[in-house]
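The values are calculated or read from the model by the stated rules, or taken from the named source; none is laboratory data. What you see is a predicted model, and the numbers here were worked out from it, not measured in a lab. FYI the Cβ positions are ideal-geometry reconstructions off the backbone, even for glycines, and counts take in every protein chain you see.
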Number of protein chains: 2
Amino acid sequence: MFLFNPIGFVESPYKESSEIPKGLGVKHDAEGVLKVLPEFELGLVDVDGFSHLFVIWAFDRITGFDLTACPPSDNRPHGVFATRSPRRPNPIGLTVVQLLGRDHVRLHVRGVDMLDGTPILDIKPYLSSVPQETLRRGWLAEAEARKA
Amino acid sequence: MFLFNPIGFVESPYKESSEIPKGLGVKHDAEGVLKVLPEFELGLVDVDGFSHLFVIWAFDRITGFDLTACPPSDNRPHGVFATRSPRRPNPIGLTVVQLLGRDHVRLHVRGVDMLDGTPILDIKPYLSSVPQETLRRGWLAEAEARKA
């Protein structure tokens, strides 16, 4: 059993889950701020040099989970681990954001898909490793093809 | 405060942290298994269609953290959130693995950099979004250039 405390909170334009763009081909270009708690400011040194960051966060307004999910991008159910459904056994979210700039403990970013006030658990540099041409996108590619 | 329980455990060839390849240009191609607990098997339906997965896991053999870290890929300290150091405020690890195949609750994968027995917190499909040419890699690119 693991116990985590927030290292900061997201400032997002989204106050309600219904406002967050979802579904096939959706682009997340909303801007927001990752506001890190003052005691962790030293941990942000040199973050500025990266164009993109992983943000690991908690779905703090979700209770319970389902083993299958019908994502907005498809009308068929899939195993929850094959989706980004918030109703997961451990309600952990993962978002890749573009870093626009840092002002002390405030990281200005593009690409937030979290609700305002979402607790941040960790921030890591994004270092892509997987060449685009070796990537298979499972049911999502099929769902896209069906809608095309 | 968030409480997470493992959804499974990693079977890895690495028994000790010193055995895990580290540093600049290292390639993680070790094979291993993500063994999901039987009660979550239904959550794996359709995972098979993805070539790569995100694995979110816990550094369960680490206590304490540092706000700066000297990664093996550089001899200069950086803020912990600009590194993948295990000594983080929340000891959460993130690995992209290639899925080789699934046998019920066992996901055979390539690219493990976790220790044997590492608790898995979540699995998500990997859907790359960031074009290679827009990526900046901060101090890591500099450290690579210094060693080249």
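Of the residues B:T63, B:T83, the single one that is modelled with pLDDT under 95, surrounded by 21 or more Cβ atoms within 10 Å (Cβ to Cβ) and of a type in the set (S, T, N, Q) is B:T83. Taken across segment A:103-110, residues that are touching a Pro at 6+ places or on another chain (Cβ under 9 Å), modelled with pLDDT of 95 or more and part of a loop (DSSP other than H, G, I, E, B) do occur, with at least one present. Selection within segment B:3-17: residues that are surrounded by fewer than 18 Cβ atoms within 10 Å (Cβ to Cβ) and closer than 17 Å to A:W57 by Cα. The member of this set that is nearest to the chain's Cα centre (by Cα) is B:N5.
Residue check: B:R88 meets all listed conditions (1) at pLDDT 95 or above; (2) farther than 16 Å from B:W57 by Cβ; (3) assigned to a loop (DSSP other than H, G, I, E, B) but one, namely (2).
Checked against the criterion of being modelled with pLDDT under 90 and either at the interface with chain B (Cβ under 9 Å from one of its Cβ atoms) or more than 30 Å from B:D29 (Cα to Cα) (or both), the candidates A:L121, A:L94, A:L135, A:L100 yield just one match: A:L135. Of all residues in segment A:31-69, those satisfying the criterion of being more than 22 Å from A:G111 (Cβ to Cβ) and polar (S, T, N, Q) are A:T63, A:T68. Does B:V97 satisfy being surrounded by 21 or more Cβ atoms within 10 Å (Cβ to Cβ), touching a residue at least 24 places away in the same chain (Cβ under 8 Å) and touching a His at 6+ places or on another chain (Cβ under 8 Å)? The answer is yes for B:V97. Condition check for A:E144 on (1) more than 10 Å from every other protein chain (Cβ to nearest Cβ); (2) touching a strand residue (DSSP E or B) at 6+ places or on another chain (Cβ under 6 Å): one failure, at (2).
Every test in (1) over 17 Å from the mean Cα position of the chain (by Cα); (2) over 30 Å from B:E39 (Cβ atoms); (3) touching a residue at least 24 places away in the same chain (Cβ under 8 Å); (4) more than 10 Å from every other protein chain (Cβ to nearest Cβ) is passed by B:C70 save one, and that test is (3). Contact map, segment A:131-148: first residue closer than 18 Å to A:A82 by Cβ, second residue modelled with pLDDT of 75 or more and of a type in the set (A, V, I, L, M), Cβ cut-off under 7 Å, separation 6 or more or different chains; pairs are A:R137/B:L127; A:G138/A:A82; A:W139/A:A82; A:L140/B:L127. Of B:H108, B:H78, B:H52, which residue is within 7 Å of chain A (Cβ to nearest Cβ), over 26 Å from A:V36 (Cα atoms), surrounded by 14 or more Cβ atoms within 10 Å (Cβ to Cβ) and not hydrophobic (A, V, I, L, M, F, W, C)? Within the list B:H108, B:H78, B:H52, the selection yields B:H52.
Given the options A:K27, A:K22, A:K15, A:K35, name the one that is in contact with a Leu (Cβ under 9 Å, 6 or more places away or on another chain), more than 12 Å from A:I120 (Cα to Cα) and more than 7 Å from every other protein chain (Cβ to nearest Cβ).
On the way: A:K27 fails: in contact with a Leu (Cβ under 9 Å, 6 or more places away or on another chain); A:K22 fails: in contact with a Leu (Cβ under 9 Å, 6 or more places away or on another chain); A:K35 fails: more than 12 Å from A:I120 (Cα to Cα).
Every option except A:K15 fails the conditions.
For segment B:18-48, the tally of residues that are assigned to a helix (DSSP H, G or I) and either touching a residue at least 12 places away in the same chain (Cβ under 8 Å) or crowded, with 18+ Cβ neighbours inside 10 Å (or both) stands at 7.
Search segment A:38-49 for residues being under 15 Å from A:L99 (Cα atoms) and at the interface with chain B (Cβ under 7 Å from one of its Cβ atoms), and hand back the single one that is modelled with the lowest pLDDT.
My answer is A:G49.
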